[in-house]
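> Here you go, one structure.
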Amino acid sequence: MAISVSETGVTRERLLAALDKARRDLLATRVESAGHWVGELSTSALSTATAVSALVLAADQDAPEHAADRARIERGIAWLATRQNSDGGWGDTDRSLSNIATTMLVRAAFTLAGHAERYSELMAAAVQYIDGKQGLTGLRRRYGRDKTFAVPILANSALAGLTPWSEVSPLPFELASFPQSWYRFLRMPVVSYAVPALVAIGQLRFFRRPPWNPLIRWFRQSRVEASLTVLERMQPASGGYLEAIPLTSFVVMSLAGTGRSRHPVAQRGLKFLRESALADGSWPIDVNLATWLTGLATVALAAGEPQWADAVTDDSRWKACREWLLECQHRERHPFTGADPGGWGWTDLSGAVPDADDTPGALLALAEWRRGTRLTPETVDRIDASARQGIDWLLGLQNDDGGWPTFCRGWGRLPFDRSGADLTAHALRALKAWEPFGIWDSVMGRRVARAQRAGWNYLGNQQRADGAWIPLWFGNQHLEGEENPLYGTAKVVLAYCETGRGADPRSRKGLKWLAGWIRDAVAKPDSIAVEEMSLAVEALAASRVGNVSRVPNAQNSKFGEIRETGDTGECGETGKTAETGENAEDRIALRLGLDWLIRAVETGAHSEPTPIGLYFAKLWYYEKLYPLVFAVAALGRASQASGVVSESVDSPVTEPAQITASPLDSRGAAVEHRASSPAVRVGT
């Protein structure tokens, strides 16, 4: 995106106009009747290929859905045929670079569907691409010792007759029949969320290439039904494991590959695949991220508005959104991971699993509501009870290293089961946000304090020498190792600044890294993603925002008057920032990034998503709402920052009281707001 930038062009008028536009655009994407967000995940060549393979292998000419399934297969193949990249490979999304995993899965789908000869040129180019990536050796190199995705890909390829079964590693499906609490001690070769794949593909490999030792063969055969019972117990009502198309497809094709396509697990999985197909013939990576997006959007919209909760209290759609978010909290022990009640997953659908990113997201959103002064006592009690349970759930998930993992405590051997800097930062923000409300007793208070100390120690140990942090669930396909230090650093620095630790040397080092990233990025604007620039701007702006406005009203605390926390600009003086040379460099970088972001909004480029999301086992995705949500959060935070925005191009920067964005009325429209100096009226 070629956007020229100017550090002197960031005026209050431009900032508030951009913030108002971005807010309106984000509010317009809500579900009309329900008030929350559902979003739109990118279509996926990887998901489409696995779904096609599953439908082909499970085909039953006597089934009522046979003709419709055949049509779905044909549409999926046709969609895939138009998505091949110029190098002969396929990427996970239509905006992704080619990778060997997706290309092998697409080739298997074409072969199983009987279309390899019809599309012989495409297949020849695919083979050339796969060979150029060193085939099976390249695939195994991509995933290392983690068999979560490498073995399913090879099994799919073997079902298509493209790979010998000897190349498919056996998976110990029998381990799934042990008590769930034992799983983390059994050294599973797959991550915690992939137990269904362990069972289904492990059994497929066992039946297709049984072990030569008769005793081992007898023992494993004796555990088939017990592990299949586990597979059935873990399947949600929707039929989709984790609401994820690839994982569900692998289970269905594995059962079908052993003649069990009529098993209830396979039939429910097929129903899920049919219902999750898109009109254009493709499938997304997952159904939706509704809970995650709603939490992020709520916090983003409140970021630039200290009185947000009161401004929207009487809005029926916002109240419906709040109630919906409260209802998304898991109230029972989860059959998939064995998680205790109290957490939130990424969607309200039955396949979601509570985790340590969506739970802090929901807690932060509820904290924004809790700051309101017009909530009924009954609403306050309900929010507090929900938050207490959510916080207790988070505390129980923390690993011994002080960090937070995604789903299960203690699974640290494989990449997506380890503690993550992004998850830990999010959890620490949520714990801090609920401190002022006095919702826990002294015992829980001590638990929170211990968890915070351990969490900050973990983050300190995870910082790279250059000042950056690496996240777990987001990446950059153009960087070595596909890591995204921008996302990780921005999220961790935001946690430092939002919790009063902005002056910590580790935070300052991270801020310096972010400032350098912005300066480098604006010099080559074609490579900038709106999501990434927004994250960098938000973190730098947070270092220049005091926390006084984020303290709740005393009348909403059950434990007496709440004192102001007193934190913080970069140098600890509430509402002010003393400019040092280092801070001035940060400010210049912030203004450059902010100018770029404002121009993106002005030109309509702020709604262009980029594949920065990393789904399970390194599967890329993009989400239509990410750039909107992240831009609103960044612009809102900047509107409250000191020393950033000028009254006009030629005037000096102003202090935070003079750059308060207009609050939102019940319709989401901007209304006039009087600050200590005349405020600009934005909107209608």
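> Which of the residues spanning region 335-389 are within 16 Å of Thr291 (Cβ to Cβ), of a type in the set (S, T, N, Q) and in a helix (DSSP H, G or I)?
Within region 335-389, Thr359, Ser386, Gln389 meet the criteria.
> For region 474-488, check the following and say yes or no: at least one residue is more than 16 Å from the chain's Cα centre (by Cα) and within 20 Å of His426 (Cα to Cα).
No, region 474-488 has no match at all.
> Shifting gears a bit: Tell me which of these Arg429 doesn't satisfy, since it passes every other one: (1) farther than 29 Å from Leu590 by Cβ; (2) touching a residue at least 24 places away in the same chain (Cβ under 8 Å).
In the conditions (1) farther than 29 Å from Leu590 by Cβ; (2) touching a residue at least 24 places away in the same chain (Cβ under 8 Å), Arg429 misses (1) alone.
> Next question, about the same structure. Within region 519-526, is even one residue surrounded by fewer than 22 Cβ atoms within 10 Å (Cβ to Cβ) and closer than 21 Å to Thr424 by Cα?
Looking for residues that are surrounded by fewer than 22 Cβ atoms within 10 Å (Cβ to Cβ) and closer than 21 Å to Thr424 by Cα, one finds none in region 519-526, hence no.
> Anything in region 14-73 that is of a type in the set (Ser, Thr, Tyr) and over 21 Å from Thr347 (Cβ atoms)? List them, or say none.
Once the filter is applied, which keeps residues that are of a type in the set (Ser, Thr, Tyr) and over 21 Å from Thr347 (Cβ atoms), region 14-73 yields only Ser53.
> What residue, of Gly481, Gly455, Gly445, Gly460, is in the same structural domain as Gly500 (by TED's automatic domain parsing), among the small types (Gly, Ala, Ser) and buried (at least 20 other Cβ atoms within 10 Å of the Cβ)?
Gly455
> Can you tell which of Val251, Val230 is crowded, with 24+ Cβ neighbours inside 10 Å and without any contact (Cβ under 8 Å) to a residue 60 or more places away in the chain? Please lay out each step first, then the result.
Numbers: Val230 fails: crowded, with 24+ Cβ neighbours inside 10 Å.
Answer to the selection: Val251.
> Something else about it: Give me the residue from region 270-290 that is over 24 Å from the mean Cα position of the chain (by Cα) and touching a residue at least 60 places away in the same chain (Cβ under 8 Å) and, out of that set, surrounded by the most Cβ atoms within 10 Å (Cβ to Cβ).
The residue in question is Leu270.
> Do we have any residue at all in region 81-99 that's of a type outside the set (S, T, N, Q), buried (at least 18 other Cβ atoms within 10 Å of the Cβ), in a helix (DSSP H, G or I) and out of contact with any Pro (no Cβ under 7 Å at 6 or more places or on another chain)?
No; the residues of region 81-99 include none that is of a type outside the set (S, T, N, Q), buried (at least 18 other Cβ atoms within 10 Å of the Cβ), in a helix (DSSP H, G or I) and out of contact with any Pro (no Cβ under 7 Å at 6 or more places or on another chain).
> Just checking, which of Ala421, Ala385, Ala430 is surrounded by fewer than 21 Cβ atoms within 10 Å (Cβ to Cβ) and in the same structural domain as Pro485 (by TED's automatic domain parsing)?
Numbers: Ala421 fails: surrounded by fewer than 21 Cβ atoms within 10 Å (Cβ to Cβ); Ala430 fails: surrounded by fewer than 21 Cβ atoms within 10 Å (Cβ to Cβ).
Just a single option satisfies the conditions, and that option is Ala385.
Let's see how each residue does on (1) part of a loop (DSSP other than H, G, I, E, B); (2) in the same structural domain as Ala176 (by TED's automatic domain parsing); (3) closer than 20 Å to Leu55 by Cα:
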{"site": "Ile201", "(1), (2), (3)": "no, yes, yes"}
{"site": "Arg205", "(1), (2), (3)": "no, yes, yes"}
{"site": "Pro211", "(1), (2), (3)": "yes, yes, no"}
{"site": "Phe219", "(1), (2), (3)": "no, yes, no"}
{"site": "Glu225", "(1), (2), (3)": "no, yes, no"}
{"site": "Leu228", "(1), (2), (3)": "no, yes, no"}
{"site": "Arg233", "(1), (2), (3)": "no, yes, no"}
{"site": "Thr248", "(1), (2), (3)": "no, yes, yes"}
{"site": "Ser254", "(1), (2), (3)": "no, yes, yes"}
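> So for region 578-597 (the condition being under 27 Å from Ile470 (Cβ atoms), touching a Pro at 6+ places or on another chain (Cβ under 9 Å) and at pLDDT 55 or above), does at least one residue qualify?
yes
> Taking Arg223 as the residue in question, decide whether it is without any contact (Cβ under 8 Å) to a residue 60 or more places away in the chain, among the basic types (Lys, Arg) and either surrounded by 15 or more Cβ atoms within 10 Å (Cβ to Cβ) or on the phi > 0 side of the Ramachandran plot (or both).
So Arg223 fits the description; yes.
> Something else now. Please determine whether any residue of region 407-416 is in contact (Cβ under 8 Å) with a residue 24 or more places away in the chain and assigned to a helix (DSSP H, G or I).
yes
> If you don't mind, there's one more thing I want to ask. Considering only residues of region 140-166 that are of a type in the set (Gly, Ala, Ser) and more than 27 Å from the chain's Cα centre (by Cα), which is surrounded by the most Cβ atoms within 10 Å (Cβ to Cβ)?
Ala155
The values are calculated or read from the model by the stated rules, or taken from the named source; none is laboratory data. Note that the structure is a prediction, hence the values are computed from the model and not measured. Using ideal geometry, Cβ is built from the backbone for each residue, glycine included, and neighbour counts are taken over all protein chains shown.
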